[in-house]
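See below for the structure under consideration.
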Amino acid sequence: MLKQIARSRPMLALLGFSFATYLRLLRRTTRFMLDPPDLYLDVDKDKPFIAALWHGQHLMLPFMIRDVDKCTCLISKHATAEINALAARHLGIGVLRGSGAGKGDPRRKGGSQAMREMLDALASGLIVGVTADIPKTARVAGRGIILLAKLSGRPIRPCAVVASRRIDFDTWDHASMGLPLGRGVIALGDAIRVTPDASPEEMEQARRTLENGLDRLHERAYALIGSADPGAMGGERL
């Protein structure tokens, strides 16, 4: 019974609104620095682009988006993700529902439809936020985001938003949520471009470049606030 109540439309709406309200409070009470300092000049130069994030860090994405930025993001269709989707809409961020191929049938997850919608969004000038890793496989970039870059012709920009005061959850994605009255870093990595005629080998190289770029970006961002990346895998990638 309690599970049904928690997943009811009124309860999800309340939780989504409450989460958005909390994020607004967090934004007002956190002193953010930009890395690089001229980050938004870089943003404006490359718009529209694909904003790539790791799972676990995606809860902080709204802090990067300015009022002048037109943005939508891909959020999976499972029930708990509905709270994130509702909060994003309250914050003025568009939402596309679906997820990349992982376990199960990607058609059921809406992956093909989501790809078409992301392509349409980029073509219309929207920044598209995408978690690069597949659920339950933390910090291993999937091929879907590379295919999106190839088909759209738009660059991928690794993104990170981190906070000095935060809760680090014991979850598969090492999710972090900032707490008020702390310091934060909004960071943007180098552009990754995939040509329309990229070979499978070149796409795999781009995928690895994205993985390494996101890892380095998070390591640097956390170092700027005197902390360590709670989701760091440790060691070198194969």
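Counting Lys +1, Arg +1, Asp -1, Glu -1, what net charge surrounds Arg216 among other residues with beta carbon under 11 Å of its beta carbon?
-4
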Positive end of the charge dipole of region 31-224 (Lys, Arg +1 and Asp, Glu -1 on Cβ, about the Cα centre): tell me which of Phe169, Ile156, Trp54 has its Cα farthest that way. Phe169
The chain, relative contact order [Cα under 8 Å, separation at least 6], %: 24
Consider just the alpha-carbon atoms of region 17-74 and return their Rg together with their Dmax, both in angstrom. 12.4, 34
The local net charge around Ala123, scoring Lys/Arg +1 and Asp/Glu -1 for residues other than Ala123 whose Cβ lies under 11 Å from its Cβ, equals 0
Compute, for the chain, the length of the dipole vector about the Cα centre, with Cβ point charges of +1 (Lys, Arg) and -1 (Asp, Glu) only. Units Debye, rounded to 20. 920
For a label point 7 Å from the Cα of Asn212 along Cα→C-beta, name the residues of region 178-196 whose backbone N is under 15 Å from it. 190-193
Neighbourhood charge, 12 Å Cβ-Cβ cut-off, centred on Gly92 and excluding it, Lys, Arg +1 and Asp, Glu -1: +2
Is any helix in the chain, taking whole DSSP H runs, at least 20 angstrom long along its axis by alpha carbon and on average at least 0.0 on the Kyte-Doolittle scale, and which ones? 9-29
May I ask you to list the chymotrypsin sites (Phe, Trp or Tyr not before Pro) in region 164-232 that are in a DSSP loop and have at most 15 other Cβ atoms within 10 Å of their Cβ? Phe169, Trp172
Quotient of Cα radius of gyration and Kirkwood radius for region 130-192, i.e. Rg/Rh, equals 1.05
Which of Lys77/Lys136; Lys47/Lys150; Lys77/Lys150 exceed 22 Å between C-alpha atoms? The answer is Lys77/Lys150
What is the log10 of I(q)/I(0) for the chain, computed with the Debye formula using one identical point scatterer on each Cα and no solvent, at q = 0.18 Å⁻¹? -1.57
Placing +1 on each Lys and Arg Cβ and -1 on each Asp and Glu Cβ in the chain, then taking the dipole about the Cα centre, the residue among Ser18, Ser227, Pro36 whose Cα reaches farthest towards the positive end is Ser18
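Using the C-alpha gyration tensor of region 110-238, what are the square roots of 5 times its eigenvalues, in whole angstrom, with the largest one first?
Values: eigenvalues 150, 55, 40 Å².
Result for region 110-238: semi-axes of 27, 17, 14 Å.
Every number here is computed from the coordinates shown, using simple stated rules; none is lab data. Since the structure is predicted, the reported quantities are computational estimates derived from the model, not experimental observations. Using ideal geometry, Cβ is built from the backbone for each residue, glycine included, and neighbour counts are taken over all protein chains shown.
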